[in-house]
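The values are calculated or read from the model by the stated rules, or taken from the named source; none is laboratory data. Just so we're clear, the structure is a prediction, and the values are computed from it rather than from any experiment. Quick reminder, even Gly has a Cβ in these numbers, built from the backbone with ideal geometry, and neighbours come from all protein chains shown. Calculation scope for accessible area: heavy atoms of the full protein, side chains included, ligands and nucleic acids excluded. Shrake-Rupley method; radii C 1.70, N 1.55, O 1.52, S 1.80 Å.
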Amino acid sequence: MKKIQNSEKAEILLEALPYIQKYTGKIIVIKYGGNAMINDELKNDVMRDLVLLNQVGVKVVLVHGGGPEINETLNRMHIESKFVNGLRKTDGETMEVVQMVLAGKVNKNLVNLIQNLNGKAVGLCGIDGHLFEAEMKDKELGYVGEITKVNVEPIIDLLNAGYIPVVSTVACDSNGNVYNVNADIAASKLASELKAASFILMTDVKGILKDPKDDATLIREINVSDIKQLVKEGVISGGMIPKTECCYEAIRRGVGRVFVIDGREPHSILVEVLSDEGVGTMFY
């Protein structure tokens, strides 16, 4: 490994300074998922990034899913996964497993990892403090929810006390029913309600590419007014369409900037937030 000279180290730190000043005291919401959530080394890198940002005064909120963990647990319990038009059908038994895995195992493991890195974290799910209220999206899908209300008070209280809120995307309704909600949408709505300075979506791609097979064609900045045309041209397609819809909604509802970044890149959050170049696509 090439040794970095002291002058180069100083340049890196100085480049980060205006960004630290820009984001100190501001809120950044990060949707965490994909390979960065499965690979232990990448997971550790992400948590270290969050702790560093928190230590320099950035108010960080982490929102996570946990699809692979849910699938693994369902398989172990011999509960068959059923899908309707690509969406998981969630009956009462499946919802119990989703709640157990997301709000329990996955959430608390992330909190524990942050605290082992000398960070301060508290785990929440959408049921806590009625953070996410939802209603049934489609009877055919079962307990899959559509968010109807976001209560940011518990998040703001934790941020003001210096904690990193770690949020799992389980929601409830006024009758006590519990729902599984889409993590991208939940993170986007939370970022909007918090009027976050930035919303970062971690994915398993470089960002928005003109040619999906060529990483060199990364589009670094996109005005949200151009999204429809990019979808029409096929530049934005497949699973990236709903993600960009989340980006559009976040910008429309007051989030400063939205980034789609490659979670497979070590320390991609730090590079995106604290450097001139960044690593993904910025929506504005």
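Residue 55 meets each of the listed conditions (1) within 22 Å of residue 162 (Cα to Cα); (2) open to solvent by less than 60 Å² (accessible area, probe 1.4 Å) apart from (2). The set of residues from segment 90-134 being assigned to a loop (DSSP other than H, G, I, E, B) and buried (at least 19 other Cβ atoms within 10 Å of the Cβ) comprises 119, 126, 131.
Among residues of segment 89-112 that are farther than 16 Å from residue 31 by Cα, those with a Cβ under 8 angstrom from a residue that is of a type in the set (Asp, Glu) and open to solvent by 40 Å² or more (accessible area, probe 1.4 Å), sequence gap 6+ or separate chain, pair up as 89/140; 101/69; 105/69. The residue pairs whose first member lies in segment 213-237 and is of a type outside the set (Ser, Thr, Tyr), whose second member is open to solvent by 60 Å² or more (accessible area, probe 1.4 Å), and whose beta carbons are closer than 7 Å, counting only pairs six or more residues apart or on different chains, are 219/210; 221/284; 223/284; 224/248; 227/248; 235/210. In the set (1) modelled with pLDDT under 90; (2) surrounded by 15 or more Cβ atoms within 10 Å (Cβ to Cβ); (3) farther than 20 Å from residue 33 by Cβ; (4) not aromatic (Phe, Trp, Tyr), residue 213 fails one condition alone, (2). Under the condition of being under 16 Å from the mean Cα position of the chain (by Cα), part of a loop (DSSP other than H, G, I, E, B) and of a type outside the set (S, T, N, Q), the residues counted in segment 167-184 number 1.
So, residue 255, is that one touching a helix residue (DSSP H, G or I) at 6+ places or on another chain (Cβ under 9 Å), open to solvent by less than 10 Å² (accessible area, probe 1.4 Å), closer than 21 Å to residue 50 by Cα and not in a loop (DSSP other than H, G, I, E, B) or not? Taking the combined requirement at face value, the residue does not satisfy it.
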